[in-house]
Each structure stands twice: as C-alpha cells, then as structure tokens.
1. In segment 73-86, which residues are surrounded by fewer than 19 Cβ atoms within 10 Å (Cβ to Cβ) and either in contact with a Leu (Cβ under 6 Å, 6 or more places away or on another chain) or not assigned by TED's automatic domain parsing to the domain that holds Thr28 (or both)?
2. Out of the residues in segment 192-235 that are at pLDDT 85 or above and of a type in the set (Gly, Ala, Ser), which is surrounded by the fewest Cβ atoms within 10 Å (Cβ to Cβ)?
3. How many of the residues in segment 113-144 are assigned to a helix (DSSP H, G or I) and either farther than 15 Å from Leu200 by Cβ or free of Cβ contacts under 8 Å to residues at least 40 places away in the same chain (or both)?
4. Among the residues of segment 116-139, is any at pLDDT 90 or above and on the phi > 0 side of the Ramachandran plot?
5. What is the residue count in segment 27-48 for residues that are over 20 Å from the mean Cα position of the chain (by Cα) and at pLDDT below 80?
6. Can you spot a residue in segment 149-158 that is more than 14 Å from Ser128 (Cα to Cα), assigned to a loop (DSSP other than H, G, I, E, B), modelled with pLDDT of 85 or more and basic (Lys, Arg)?
7. Consider His85 against the criteria (1) at pLDDT 90 or above; (2) part of a helix (DSSP H, G or I): it satisfies all of them except one. Which criterion is unmet?
8. Considering only segment 28-70, how many residues are among the hydroxyl-bearing types (Ser, Thr, Tyr), outside any helix (DSSP H, G or I) and touching a residue at least 40 places away in the same chain (Cβ under 8 Å)?
Amino acid sequence: MEIVIDHNNKTMPICSSIKFLGLTVDCTLSWRHHIDLVTKQLSTICYLIRNIKQYLSVFMLRMIYHSLFHSIMPYGIIFWGNSSHSSIIFKMQKRVIRTMMGCGYRESCRKLFVELKILSLATQYIFSLLLFVVNINYFIPSSLYRDSNTRHRNDLHLPQATTLAMYQKGVYYSGINVFNGLPRTLKDISSKTGKFKIALRNFLQTRSFYSLDEFFDKQLYILVSIPLSYIFISI
C-alpha cells in the first residue's frame, strides 16, 4: 500500500533515499545507497595507493591510508556497519591492505591488520559502537534488575528483543550486546572514558574480527579477566 501525503493541494513526491548529515538514508534502512556512494570514494583512493605504492615505504602508505581511506570509511559506521552490504567496503579495505603490503589477492589479511595496527571494518564498527555506548548516558545498567554483586554487575540491561531483524541490528540493541560481550576488565573501566578508549583500541588491535559472529564466538577469545598490564600495551 502506497502512502500519499498531500500539502496545500499538492502531492508530496516520494523518494527512495535522502541525504542527512552526510549519510544517505534509504526507505528500507538497508544502507545500500550510502555504501554505494562510499565505495565510489574509496575506489579512487585504492587506485591512488596502488599507483604510488612502489615509491613509498609501508610507514608512509599507512599514513596515507589513515588520512584518506580511514577518514572516510568510519563515518556513520555505527549505523551501517552491521548491514549485509558492508561486505563490499570490507573487500575493498582488504584489497588496499594487500596492496600496501605487496601481498597476493589470495593471502589472508588477518595478520596484516594486526601488523599494521589497522582495525578491520568489523573491528572498527565494534570500536565506534562501544565508544558511542560509553559516551551516551542512555543505557540502563543491569544492576538495576539483578544483584549488583554478581560478575555481570557492569553489564547493560538488554531489553526484550522483537522479531524485527532491523531492530536487533540497530545501534541500541547491538550496542548493548557488544558491550556485554567484552571482557570483564574492559567493562570495569568503562566509566573512565579516556582509559577505556585506549584499552579498547589495544584490545581490538591484537584481534582481527571479520564479523560480529567472530566477536561473540567464545572460542576466539575468552571472556574472563585479562591482566591490565596486557591490555595497556602502548600503540
């Protein structure tokens, strides 16, 4: 059923997408239009890096990556980073990483992300989402609903999920899930924003998650207390 909106005897035109604060929002919230536009921008940067690679060191290429590629990719990622269409940008990110390191197109990028200390798309999404969670006083601690002396005292309250996949992939629901999936030592310092940001980045830089499923997989990392001396490794 099509919705028709009239104003002053004129029918308002219906558009499939609209640009708002640099984000292209489509009517289905799939973020495909926005990702397509970002892909075009990043494609130009990939071409540039591929052509200057032979003249510069890896250190200089990493600087160019951060000033050009990384300055575009993370914008609004907390909204579109969980979209199925984001895999297009991730493939492009792996392509530019392989170019910088002079690797073949079949070589795994996991160790390259760690070596360069560059966050993969999924890891950047986790990082940006968690910074949003700890900086916005909007989330309810689970201690209001359970005994505060439990080991989950610093978890956030997860509301009852609806059957809508769109809601479960949204910033609010995903943010709580990801925060509660962190090691306890990180959650314990979440109230100290600066300290938490440094520790979180160091934690994520030693792991190269390719998806949220990997982040939540208990076999990839153990959700137990990690010594702070290990987390606070200088960048």
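1. Passing the criteria: only Gly76.
2. Gly194
3. Looking only at that region, the number is 8.
4. Yes, segment 116-139 contains a residue that is at pLDDT 90 or above and on the phi > 0 side of the Ramachandran plot.
5. Qualifying residue count, segment 27-48: 2.
6. Scanning segment 149-158 turns up no residue that is more than 14 Å from Ser128 (Cα to Cα), assigned to a loop (DSSP other than H, G, I, E, B), modelled with pLDDT of 85 or more and basic (Lys, Arg).
7. Result: His85 fails condition (1) only.
8. Summing the residues that are among the hydroxyl-bearing types (Ser, Thr, Tyr), outside any helix (DSSP H, G or I) and touching a residue at least 40 places away in the same chain (Cβ under 8 Å) in segment 28-70 gives 1.
The values are calculated or read from the model by the stated rules, or taken from the named source; none is laboratory data. Small disclaimer: the values here were computed from a predicted structure and weren't measured. Cβ atoms come from the backbone with ideal geometry, glycine included; neighbour counts cover every protein chain shown.
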